[in-house]
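Taking it in order: structure first as C-alpha cells, then the write-up.
The values are calculated or read from the model by the stated rules, or taken from the named source; none is laboratory data. Here the structure is a predicted model, which is why all the values come from computation and not from measurement. Positions of Cβ are backbone-derived with ideal geometry, glycine not excepted, and every protein chain shown enters the neighbour counts.
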Amino acid sequence: MLVKTFPTGGDRNLAYLIVDEASKLAAVVDPSYDPAAVVSGAKDAGVQIAYAFCTHDHHDHTNGNAEFEALTGVKPLLFRDVDPKTDARIDGGTTLPLGDLSIRILHTPGHTPDSICLSIGDAVFTGDTLFVGKVGGTDLEDGARTEYASLHDVLLKLPDETRVFPGHDVGVTPESTIGAEKATNPFLLRPDLESFIDLKRNWAAYKKEHGIA
Ligand SMILES: [Fe+2]
C-alpha cells in the first residue's frame, strides 16, 4: 500500500491518494481544494481511482467534489451515501474492496454527526476527528461527549502501530500513529470525559502555556 499526501490549501487541508500496488487501484480521501493535483498524482502513479470519500460534510472537505467528479467520473461518497459500483451504503462497519486491500468505514460522530474515518491496511484517515496532537472542534456538550466515545471506543481500539493521516496539517508532523497519539495527544491523555471537555473549554490557555501553535 502506498499513501500520497496532498496539501491542498484552505486551512492546511490534506487530501490523500491510497494505492493498492498489486491491482493499481486507488482511493481518494477529501480532494477538497485541489482535486486536479490528486487526479494528476493518480495519473503519474499509473493507477485508477476506484473510490473517493469525504470524511464529513464541511465545505473545506467537499468543495472540490464537483470538479473531482468531472475529472474522474467518480463521485466522492459521504456517510450514508450508496456506492454505485458495489451498492454498499457508507456506514460504520461497511467494507469495500480495493484490490488486495479493504476499506473499512468507521463512524466517528462528534465533530459532525456524519464524520467517518477510513481504515485501510495499516493506516487510518481521520478527517477532523483526530489530528496530530489535537482533536476535532465540537461544542462542549453532546458533540464533545460523542467525540470522546468515537475516539476511545473506535479509533483508539486500532493497533498502536496504525498510521494516522488527519484532515488538516495542524500538528508538529503531518502524520502520526495511534500509539504516538495515545502517548502524547493532550486530549487523549485526559482520563475521563469531564477533563476532556475541560481541556476543550480551556484550550486557548493550555496552548499558550505549552507553546502549542
Ligand atoms: Fe470539519
*Got a sec? Which of Leu130, Leu140 is surrounded by fewer than 22 Cβ atoms within 10 Å (Cβ to Cβ) and hydrophobic (A, V, I, L, M, F, W, C)?*
Leu140
*Within region 137-151, track down each residue that is assigned to a helix (DSSP H, G or I), within 17 Å of the chain's Cα centre (by Cα) and of a type outside the set (A, V, I, L, M, F, W, C).*
Thr146, Glu147, Tyr148, Ser150
_region 55-75 residues that are over 9 Å from Pro35 (Cα atoms) and outside any loop (DSSP other than H, G, I, E, B), paired with ones that are within 9 Å of the ligand (Cβ to nearest atom) and among the hydroxyl-bearing types (Ser, Thr, Tyr) (beta carbon under 8 Å, 6 or more apart)_ = His61/Thr55
*Could you tell me which numbered condition Asp100 fails, if it satisfies all but one of (1) at pLDDT 95 or above; (2) touching a strand residue (DSSP E or B) at 6+ places or on another chain (Cβ under 7 Å)?*
(1)
_Where the second residue is away from the ligand (no atom under 12 Å from the Cβ) and in a strand (DSSP E or B) and the first is over 14 Å from Arg163 (Cα atoms) and touching a residue at least 24 places away in the same chain (Cβ under 8 Å) and lies in region 128-140, which pairs have Cβ atoms under 7 Å and are six or more apart or on separate chains?_
Thr129/Cys117
*Tell me, which residue of region 181-206 that is free of Cβ contacts under 8 Å to residues at least 12 places away in the same chain and in a helix (DSSP H, G or I) is surrounded by the fewest Cβ atoms within 10 Å (Cβ to Cβ)?*
Ala204
